[in-house]
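Asker: Pasting a structure below so you can have a look.
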Amino acid sequence: MGELIRRVKVPFPLYRIDLLEAGDDELARISKDLGLALSPAEMRRVQAYFRKRGRPPTDAELQSLGQAWSEHCCYKSSRSFLREFLFGIEAPSVLLRGDAGVMEFDEDHAYALRIESHNHPSAVEPYGGAATGIGGILRDVLCMGAKPIALVDPLHFGPLDLPDDALPPGVKHPRYLFGGVVAGIRDYGNRVGVPTVAGSIFFDKGYTGNIIVNVGCVGIARKDRILRNAVAGPGDVFILAGGKTGRDGIHGVTFASLELSDEMWEEWQAGAVQLGDPIMKEPLIHACLEAVDRGLLSGMKDLGGGGLSCVVGEMAFAGGYGAEVHLEKVPLKEPNVAPWEIWVSESQERMMLAVPEAKVDEVLAIFALWDVPATPIGRVLAEKAVRVLYQGEEVLDMDLAFYTEGPEYERPYEDPGARPPSPERPPEEPSDYAAALLSLLSSPNVASKEHVIRQYDHEVMANTVIKPLQGVLGRQSHGDAAVLKPLPDSWRGLAVATASTPQYTRIDPYRGGAAAVDNVCRNLAAVGARPHALSDCLNFGNPEKPDRLGFFREAVRGIGVVAETLGLPLPSGNVSFYNETPLSPVPPTPVVLGTGIVQDVRRCVTSDLKRAGASLYLLGETKAELGGSEYYRVHGGEGGAVPDTDPNLLSRCVDGLLEASRAGLIAACHDASHGGMGVTVAEMCLGGDIGAEVEWSPDGLRPDLALFSESNTRWVLEARGEPSALEGALEGLPLRRLGRVGGSEMRVRIGSRAFALGIEAMRNAWSGGMTRLMAG
Amino acid sequence: MNRDDVRVCVLTLEGTNCEDETVHAFASLGANPEKVHLNQLVRDPPGRHRALEDYQALVLPGGFSSGDYVRAGAIWASRLRSGLRRDLRAFVEEGKPVVGICNGFQALVELGFLPGLGGETDVPQASLATNDSAHYECRPSLLRYENRGRCGPLALLPRDGILQAPSAHTEGKFTVPQGEEEAVWGALLEADQLLFRYVDPEGTYAGYPWNPNGSLYNIAGVCNPEGNVLGLMPHPERSLSRYLHPDWTRSGEEGYGDGRLFFDSILTYVTEAF
């Protein structure tokens, strides 16, 4: 191997790798030894290119290709499926697709949205990994010219009460990972001053070896200030702004494009997780937004995976030009960083600005005021090539198309539909329904998340008109979506919600994907928002394994079918593959961030019951759909049908709900999800600190299965005013009267069964369900 | 002076993050607020220099100034002391209001301006220590206004009235040196420096979570002996509108939120005094 790598005689580390005549074995070794994570076929493609150039590549060139062609950067295994099912969903309200999607908000304003994963870094170093995940998603929104206004965090961990001896070697305990991730989100998110308004926490044994940490962001922009992630033309100067560059985060993207193994944990722990600094990010955001506001920028893009090597190439490529960069100008954290390390480092808190030459001084003055470093490091070339120099020496010179356009594969997949369904074995019907409901309320997947929610600042910016916890002061319960009022002079609102459906997707990926969209639409409609756009984060296993890829394809298809029927575009998204450990893949986990438009926030609806005597209704159809349900998980049921989605019914119900809430006919609304209708009514009682009387025919279902079924497209409503008005507004939809609000107990009669539970008993079970397990 | 002539300096530096909503609060009441970076006061950036004396009120907003990595507000206080102390002292001596909210309150305590028992001090007399829960707390708070008239800028607030404003901090526990609790409490009462105390919905001085941090005597806010320097932990700018209250969908109330009077009162004081 040594003989293939030759040091170039310059006063800094620079190597040429003589792979022009190398055989397959040698190419494989080069890929491994340099940490490129390129396949044999990809290495041969690299070899062919440099043979044509008639010279061996430098270390910087090979490292660049390792970054640019990684799964993380070029979506080489997923792109064909995303194109087939998602990219074609168009809507006139989509303004731009870039690092974040940009949607129309009102005549003069737009909003940006994106969700992405930060799984591997968070599994290795939960606090720093989660923090830098926030940093990254903020930059994705910022670089569209948008001001970040809300964060969301769907999280997935192993069970908090996992016995220590059940912990696989080298794996950190879920309690430690949970605590670290929550603290990382808290300390970074709170410091940058962007409210964390929604999210979810899901526990399952399948996440023990590989947690799933997703983070989403929305931002608001003036339409005439939206930026492309591109240069505008020759004459533009590249200004690198923000933090200094160091050795942290080298090979982050290649790390994210492999399965986690013992060896990797040790190897990468030292370097592959970046270090976040919210107090660099906060003024960086201000300074960038001031430059945006004054119209000084041609384009902007954040430095994330692959660092400079990706951002320079992609900005130049998107603009249709080339780039020249002088690496010695990049401000460094430490001395003696090799040129290739500067080029691929993923040090945090950095943005790349493309600035017309005449505006450079004005831009630099803004950053100086905020004490944020900003340095011109290169310029745009007319010719479509990237040239990188260090102290005058050329360290990289490649055609832009070859470099930036990664490979794309149509990998083989196995259709999961071909597997025989497992037989359904429901648990025995409970003799004590009250106890059955209490055990669901205290299940960590259902129980109160207040302990976490209140550690996140969900109100900074003073826009959060509907908050994540809703109800009587001191007695609040979970809401379905948060609503922001981003403009001081308008009552128009932006609702934000997330959904994740691994429990269904692992059994039936098509229905699981569809359910994620149904769930997020339910959440948005519940508060009175019309679903408007989605951003998806797809967390799956190794795509080189056909069964994993088959699940991925079906889940994407499920998302696509429902989104298309509702006319919901996905202007941004993220795929995270290789979420496996030697033990197993993680449960396939589609996560969806949904945004909705509220015409007038003063008509928003919360989940807490309001008034004794008011009528309660159930909107939607309840079926024997308990596959993957929380009831089966807690009470030991097996198999069963996963909730299906009828997108047309969903669409009609959403329309009906919105009409009713705008007319002021709904006092409270909460969707049915984990734990079914039983849990939904209980949570509404908890938030309102008032009881309810519910009487219900299970329509031939066993009463417990009806009560805890997780059928999609369902909401429980409290009517405001004359019940007949609400009934009229929802005519033609599957609506049935459930009972009425009142008393200090939740009293349920379902078929021949009846039970009652006091509010305080329910609150004890629900409030402590998760926190009880955190002490260990 | 007229309200639209009242210039309010809302001070920022890296890590302050409540400046926009604080500016909005004053702007929505007809004043002329401006977000001013500390560097604009202590340096001379081309075309952007500002002089503190040109403003009638100074607000230190919430956030995590400089990351609060040493102690909440300590770095901010130290930078104010080194670059702006003389201007600040002159500002205070003229009787102009200086208002610290959350991180701004922490900075004013670190700076020795609050509580300022017997005058400004070189060493902080109190501290806003880590919450009893040992972590960040973002939750609704109910504040009883208990000042008897010393605090001119808040004169419009009804005595013993309840103001709802969310708390959002990690370090908000009002603490004084051990053994001096009763003496400080007595001195605060005597000089009428007490502003706000945390209460529960029944109006009693309750413990956690109504007292979100474990503050001594449920203290949420104080002023200096002259009444023109004031600070509090909760965020009145976050209850400016009724629709920012956490329970507005229940109460059916519309229009202004509790926090509006806080800012209205400060502006009324300035227009009458200057």
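Asker: Hey, can you tell me all the residues within the range A:6-32 that are in a helix (DSSP H, G or I) and either loosely packed, with under 13 Cβ neighbours inside 10 Å or in contact with a Pro (Cβ under 9 Å, 6 or more places away or on another chain) (or both)?
Answerer: Residues satisfying the conditions are A:24, A:25, A:27, A:28, A:31, A:32.
Asker: Of everything in the range B:222-262, what is hydrophobic (A, V, I, L, M, F, W, C) and either surrounded by fewer than 24 Cβ atoms within 10 Å (Cβ to Cβ) or in a loop (DSSP other than H, G, I, E, B) (or both)? Give them in sequence order.
Answerer: Across the range B:222-262, the qualifying residues are B:233, B:240, B:248, B:261.
Asker: Can you tell me which condition residue B:88 does not meet? The list is (1) surrounded by fewer than 16 Cβ atoms within 10 Å (Cβ to Cβ); (2) more than 11 Å from every other protein chain (Cβ to nearest Cβ), and all the others hold.
Answerer: So the condition that residue B:88 fails would be (1).
Asker: Listed residues A:474, A:493; which is open to solvent by 10 Å² or more (accessible area, probe 1.4 Å) and either within 14 Å of chain B (Cβ to nearest Cβ) or of a type in the set (D, E, K, R) (or both)?
Answerer: Going through A:474, A:493 in turn, the sole match is A:474.
Asker: Does the range A:597-611 contain at least one residue that is touching an Asp or Glu at 6+ places or on another chain (Cβ under 7 Å), open to solvent by less than 20 Å² (accessible area, probe 1.4 Å) and closer than 24 Å to residue A:151 by Cα?
Answerer: Yes, the range A:597-611 contains a residue that is touching an Asp or Glu at 6+ places or on another chain (Cβ under 7 Å), open to solvent by less than 20 Å² (accessible area, probe 1.4 Å) and closer than 24 Å to residue A:151 by Cα.
Asker: Same structure, new question: Which residues, counting only those in the range B:165-221, are part of a strand (DSSP E or B), among the polar types (S, T, N, Q) and open to solvent by 20 Å² or more (accessible area, probe 1.4 Å)?
Answerer: Across the range B:165-221, the qualifying residue is only B:175.
Asker: Given the condition within 14 Å of chain A (Cβ to nearest Cβ) and in contact with a strand residue (DSSP E or B) (Cβ under 6 Å, 6 or more places away or on another chain), answer yes or no: does some residue in the range B:258-265 qualify?
Answerer: yes
Asker: Is there a residue being among the small types (Gly, Ala, Ser), open to solvent by less than 10 Å² (accessible area, probe 1.4 Å) and farther than 30 Å from residue A:565 by Cβ anywhere in the range A:104-121?
Answerer: no
Asker: If you don't mind, there's one more thing I want to ask. Could you check the range A:639-723 for helices (runs of 4 or more DSSP H) lying wholly inside it with 1 or more residues that are touching a residue at least 24 places away in the same chain (Cβ under 8 Å) and within 30 Å of residue A:428 (Cβ to Cβ)?
Answerer: A:676-688, A:703-708
Asker: Follow-up. Can you find, within the range A:594-625, the residue that is farthest from the chain's Cα centre (by Cα) among those that are within 14 Å of chain B (Cβ to nearest Cβ) and in a strand (DSSP E or B)?
Answerer: A:606
Every residue, every condition in (1) away from chain A (no Cβ under 14 Å); (2) of a type outside the set (D, E, K, R), yes or no:
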{"position": "B:153", "(1), (2)": "yes, yes"}
{"position": "B:163", "(1), (2)": "no, yes"}
{"position": "B:176", "(1), (2)": "yes, yes"}
{"position": "B:181", "(1), (2)": "yes, no"}
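Asker: Further, regarding this structure: Kindly indicate whether any position in the range A:583-593 is open to solvent by less than 10 Å² (accessible area, probe 1.4 Å), on the phi < 0 side of the Ramachandran plot, assigned to a loop (DSSP other than H, G, I, E, B) and hydroxyl-bearing (Ser, Thr, Tyr).
Answerer: Checking the range A:583-593: not a single residue is open to solvent by less than 10 Å² (accessible area, probe 1.4 Å), on the phi < 0 side of the Ramachandran plot, assigned to a loop (DSSP other than H, G, I, E, B) and hydroxyl-bearing (Ser, Thr, Tyr).
Asker: Here are some conditions: (1) surrounded by fewer than 22 Cβ atoms within 10 Å (Cβ to Cβ); (2) farther than 30 Å from residue A:300 by Cα; (3) more than 14 Å from chain B (Cβ to nearest Cβ); (4) not charged (D, E, K, R). Residue A:226 meets all but one. Which one does it not meet?
Answerer: The single condition residue A:226 does not satisfy is (2).
Asker: Are any residues in the range A:431-451 in contact (Cβ under 8 Å) with a residue 40 or more places away in the chain and either surrounded by 22 or more Cβ atoms within 10 Å (Cβ to Cβ) or outside any helix (DSSP H, G or I) (or both), and if so, which ones?
Answerer: Once the filter is applied, which keeps residues that are in contact (Cβ under 8 Å) with a residue 40 or more places away in the chain and either surrounded by 22 or more Cβ atoms within 10 Å (Cβ to Cβ) or outside any helix (DSSP H, G or I) (or both), the range A:431-451 yields A:432, A:437, A:440, A:441, A:442, A:443, A:444, A:445, A:446, A:447, A:448, A:449.
Asker: From A:702, A:714, A:772, grab the single residue that is basic (Lys, Arg), within 32 Å of the chain's Cα centre (by Cα) and over 17 Å from residue A:681 (Cα atoms).
Answerer: A:772
Asker: Scan the range A:444-462 residue by residue and report those that are more than 7 Å from chain B (Cβ to nearest Cβ) and either closer than 9 Å to residue A:197 by Cβ or hydroxyl-bearing (Ser, Thr, Tyr) (or both).
Answerer: Across the range A:444-462, the qualifying residue is only A:448.
Asker: Residue A:747: surrounded by fewer than 19 Cβ atoms within 10 Å (Cβ to Cβ), assigned to a strand (DSSP E or B), in the same structural domain as residue A:445 (by TED's automatic domain parsing) and modelled with pLDDT of 95 or more, yes or no?
Answerer: The answer is yes for residue A:747.
So that you can scan it fast, the table gives a plain yes or no per residue for (1) more than 10 Å from chain A (Cβ to nearest Cβ); (2) in contact (Cβ under 8 Å) with a residue 12 or more places away in the chain:
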| position | (1), (2) |
| --- | --- |
| B:215 | yes, yes |
| B:229 | yes, yes |
| B:239 | no, yes |
| B:253 | yes, no |
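Residues are listed down the side, and each one gets a yes or a no for (1) under 17 Å from residue A:115 (Cβ atoms); (2) touching a Leu at 6+ places or on another chain (Cβ under 6 Å); (3) in a strand (DSSP E or B); (4) not basic (Lys, Arg):
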site	(1), (2), (3), (4)
A:483	no, no, yes, yes
A:532	yes, no, yes, yes
A:553	no, no, no, no
A:568	yes, yes, no, yes
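Asker: Quick one: how many residues across the range B:178-223 are of a type in the set (Asp, Glu) and on the phi > 0 side of the Ramachandran plot?
Answerer: Here the count works out to 1.
Asker: State whether the residues of the range A:519-528 include one that is under 30 Å from residue A:408 (Cβ atoms), open to solvent by 10 Å² or more (accessible area, probe 1.4 Å) and assigned by TED's automatic domain parsing to the domain that holds residue A:645.
Answerer: No; the residues of the range A:519-528 include none that is under 30 Å from residue A:408 (Cβ atoms), open to solvent by 10 Å² or more (accessible area, probe 1.4 Å) and assigned by TED's automatic domain parsing to the domain that holds residue A:645.
Asker: Within the group B:140, B:158, which residue is loosely packed, with under 15 Cβ neighbours inside 10 Å and either at pLDDT 95 or above or not aromatic (Phe, Trp, Tyr) (or both)?
Answerer: So the residue among B:140, B:158 that is loosely packed, with under 15 Cβ neighbours inside 10 Å and either at pLDDT 95 or above or not aromatic (Phe, Trp, Tyr) (or both) is B:158.
Asker: Scanning the range B:43-59 for residues that are crowded, with 16+ Cβ neighbours inside 10 Å and free of Cβ contacts under 8 Å to residues at least 60 places away in the same chain, which turns out nearest to residue B:87 (Cα to Cα)?
Answerer: Per the stated criteria, the residue is B:52.
Asker: How do the pairs read when you match residues in the range A:182-194 that are more than 10 Å from chain B (Cβ to nearest Cβ) with residues anywhere that are open to solvent by 20 Å² or more (accessible area, probe 1.4 Å) and of a type in the set (Gly, Ala, Ser), using Cβ under 7 Å and keeping only pairs 6 or more apart or on different chains?
Answerer: Qualifying pairs under 7 Å: A:188/A:276.
Asker: What is the one condition in (1) touching a strand residue (DSSP E or B) at 6+ places or on another chain (Cβ under 6 Å); (2) in a helix (DSSP H, G or I) that residue A:63 does not satisfy?
Answerer: With (1) touching a strand residue (DSSP E or B) at 6+ places or on another chain (Cβ under 6 Å); (2) in a helix (DSSP H, G or I) applied to residue A:63, the lone miss is (1).
Asker: Now, a different point. Hey, residue A:480 hits all of (1) of a type in the set (Asp, Glu); (2) facing chain B (nearest Cβ under 8 Å); (3) more than 15 Å from residue A:149 (Cα to Cα) but one; which does it fall short on?
Answerer: The number of the failed condition is (2).
Asker: Now, a different point. Mind listing whichever residues of the range A:339-373 are hydrophobic (A, V, I, L, M, F, W, C) and within 20 Å of residue A:306 (Cα to Cα)?
Answerer: Listed by number, the residues that qualify are A:340, A:342, A:343, A:344, A:351, A:352, A:353, A:354.
The values are calculated or read from the model by the stated rules, or taken from the named source; none is laboratory data. Remember, predicted model here, so these are calculated numbers, not experimental data. Note that we place each Cβ from the backbone using ideal geometry, even for glycine, and neighbour counts take in every protein chain shown. For accessibility, only protein heavy atoms count, side chains too; no ligands or nucleic acids. Shrake-Rupley method; radii C 1.70, N 1.55, O 1.52, S 1.80 Å.
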